[in-house]
Amino acid sequence: MKGKVAIVTGAAGGFGRVLVRALLERGASVAALDVTDSGLASLREALRDHDDRLSCTLTDIADYDACARSTEAAAQRFGGVHVLINNAAMGMNAIREDSMENLVGIRELTPQTWNRFIAVNLTGAWNMTRVCIEPMLEQRWGRVIDVTTSFFTMLRGSFQPYGPSKAGMEAMAAAHAKEFDGTGVTVNVVVPGGPADTPMISASSPLKNQKLIPPSAMVAPIVWLCSDEAGGITGNRYVAAEWDPGAAQADEERRLRAPIAWPQLAQSPVWPGGKPAE
Ligand SMILES: NC(=O)c1ccc[n+]([C@@H]2O[C@H](COP(=O)([O-])OP(=O)(O)OC[C@H]3O[C@@H](n4cnc5c(N)ncnc54)[C@H](O)[C@@H]3O)[C@@H](O)[C@H]2O)c1
């Protein structure tokens, strides 16, 4: 990935940290964005051997102007934008530590909580895609990776606003993959496949005593999808826990690919004159 510039949101979190490191180790320059100052400071410290190719910028992805400023700064410093990993999100632990065990009912939610989740998890990913897409389309090379979640989680009872925010992101990814098809910009979804061992699962959760998916599981599929070799691969969804980093990566991609979202439900709109162009 030498010469490529990657932007990773939620960079100070569980997946973010391993992804930033993996991209740096493969030669990319990385702009690490997050809302936590202390998280970014510890990331910078952990990766100080790479600080000529790493920028850590406090950015609330719900704020479009902040996304634009941080992207512009990364493009100026490193010379472009090639890869966007939409990884930042608020989890249900932001509402209550024990929200995985004692689910959060609608009466516990305020409109402010609902709006903030949507603003970060859905609008935030759109904001970042909107600002990064201009340089990607111009150079006819771009990779967008949207980290959503398992379909089970999207539809789970009392797992809102997280579930619907991620379902919206999944639909956005499917639509962007179609819109950018043939432009050199690919859009794919990668999910861990189940609960992963990151701060999104609270330290007090009994799940932490089980074998959770390691954050490193995200690295192999995401890095491969960002490569030149994956230039023709778009509109797909991968479960990282099933991806074998030791196998031939192009074979893993073929073995595990599924379409983004639920296209089988979108085949027959009642539309004057027949199905419209996608
Ligand atoms: N951990 C899991 O079990 C799991 C399962 C399925 C999907 N995911 C998804 O994986 C991604 C990474 O999550 P994680 O498990 O590493 O969680 P995490 O909580 O460790 O990391 C999320 C990061 O996003 C940052 N963030 C939150 N709001 C932000 C904002 N407004 N602007 C910028 N950054 C913001 C947080 O500060 C944090 O560093 C998320 O999209 C999450 O929904 C996680």
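A compact table of results
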| item | result |
| --- | --- |
| Per-residue Cβ neighbour rank within 10 angstrom, fewest leading, D52, D181 | D52, D181 |
| Qualifying lysines (Cα of each under 28 Å from Cα of K211; at least 8 residues distant if same chain) | K166 |
| FRET efficiency estimate (nearest 0.05) - Cβ-Cβ, D244 to D65, R0 35 angstrom | 0.25 |
| Length released on extending from T113 to F152, taking residue separation times 0.36 nm less the Cα-Cα span | 11.9 nm |
| Three-way shape label, segment 110-163, alpha-carbon gyration tensor, a/c 1.5 | oblate |
| Per-bin percent of Cα-Cα distances, the chain [10 Å] | 7, 30, 37, 21, 5, 0, 0 |
| Stretchable slack from R26 to E138, in nm (0.36 nm times residue separation minus alpha-carbon distance) | 37.9 nm |
| Relative exposure of I106, I222, judged by other C-beta atoms within 10 Å (fewest first) | I106, I222 |
| Ascending count of other beta-carbon atoms within 10 Å, so fewest first, for Y162, Y238, Y64 | Y64, Y162, Y238 |
| Neighbour-limited loop hits for trypsin sites (Lys or Arg not before Pro), segment 1-79 (at most 10 other Cβ within 10 Å; DSSP other than H, G, I, E, B) | K2 |
| Packing-based ranking, highest mean first, of 193-199, 229-235, 54-60 given that Cβ atoms within 10 Å are counted | 54-60, 193-199, 229-235 |
| Mean ellipticity per residue at 222 nm, deg cm²/dmol - from DSSP H runs of n ≥ 4 across the chain, formula -39500 (n - 2.57) | -10500 deg cm²/dmol |
| Proximal lysines to K4, defined as alpha-carbon separation beneath 27 angstrom and excluding residues fewer than eight positions away on the same chain | K178 |
| Relative contact order [Cα under 8 Å, 6+ residues apart], segment 5-265, whole percent | 18 percent |
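Any read-out appearing in this document is the output of simple, stated calculations on the displayed coordinates, not a laboratory observation. Only a predicted model underlies this, so the values are computations on that prediction, with no experimental measurement involved. Neighbour counts are summed over all protein chains in view; Cβ atoms, including those assigned to glycine, are modelled from backbone coordinates with ideal geometry.
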